[in-house]
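Down below is the structure, laid out as structure tokens.
Computed from the coordinates by the stated procedures, all read-outs in this text should not be read as laboratory data. Predicted model only: the values in this text are computed from it and were never measured. Here the Cβ positions follow ideal geometry from the backbone for every residue, glycine too, while neighbour counts run over all protein chains shown.
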Amino acid sequence: MKSLLRENIGEALVGLFVVVFAAWFLWFAWGMTGGGDKAGAIHVTALFPNSTGINVGSEVRVAGMKVGTVTEQALDPQSFQVKVRLALDPAVKLPADSSAAITSEGFLGATFISLIPGGDTVALKDGDTIADTQGAMDLMGMVGQFINKSGGSGSAAESAPQP
């Protein structure tokens, strides 16, 4: 057995490296996809009329800095809005009247939830709901509106030739 181990020590070390790397990768992926919340995270809920582009694990940002992640999405049966649960860093004390908007980094950039701090002296606490929200913009709908309205500012009757 010892001679077999000596002959294959390189293969054994490569195998050990692969197993350690795989374990590290799983731990990293679990944390990056929202599987693991920060200890003591503040969980708040926001209702959006449209959550296109947001998934579990999407970032939550304040002034461009990541302060949390999306941990859950569900359709609210009463309002037919998307109920999004956010896990926020407990070190960031956001005012209770903060607002949330779904935005992106550009045409091809990642979509995230941007929190805009309010002016309230009371901070958001676990279980609170963000009432002021703005859903995702429908880019294809906006392009369609632009194309259909690009012919002029007047109606078809106004632009028709007069006899």
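Scanning residues 5 or more positions from Ser51 or on other chains, those with amide H under 5 Å from its amide H are Ala136, with H placed 1.01 Å from N in the peptide plane. Averaged over residues, the count of other Cβ atoms within 10 Å places the peptides 52-61, 118-127 in the sequence 52-61, 118-127, highest first. Modelled spin labels at Ala91 and Thr45, positioned 7 Å past Cα toward Cβ, are 2.9 nm from each other.
Roughly speaking, what is the stretch gain from Ser104 to Thr129, that is 0.36 nm per residue apart minus the C-alpha to C-alpha distance, in nm to one decimal?
Here the segment from Ser104 to Thr129 would lengthen by 6.8 nm.
Provide the FRET efficiency to the nearest 0.05 for the Val122-Asp76 pair, computing r from the beta carbons and using R0 = 25 Å. Let's see the in-between values first.
Working: r = 25 Å, r/R0 = 0.99.
Once the sixth-power term is evaluated, E becomes 0.50.
Put simply, the amide H of Ser99, placed in the peptide plane, has neighbours under 5 Å in Ile116, Gly118, leaving out anything fewer than 5 places away on its chain.
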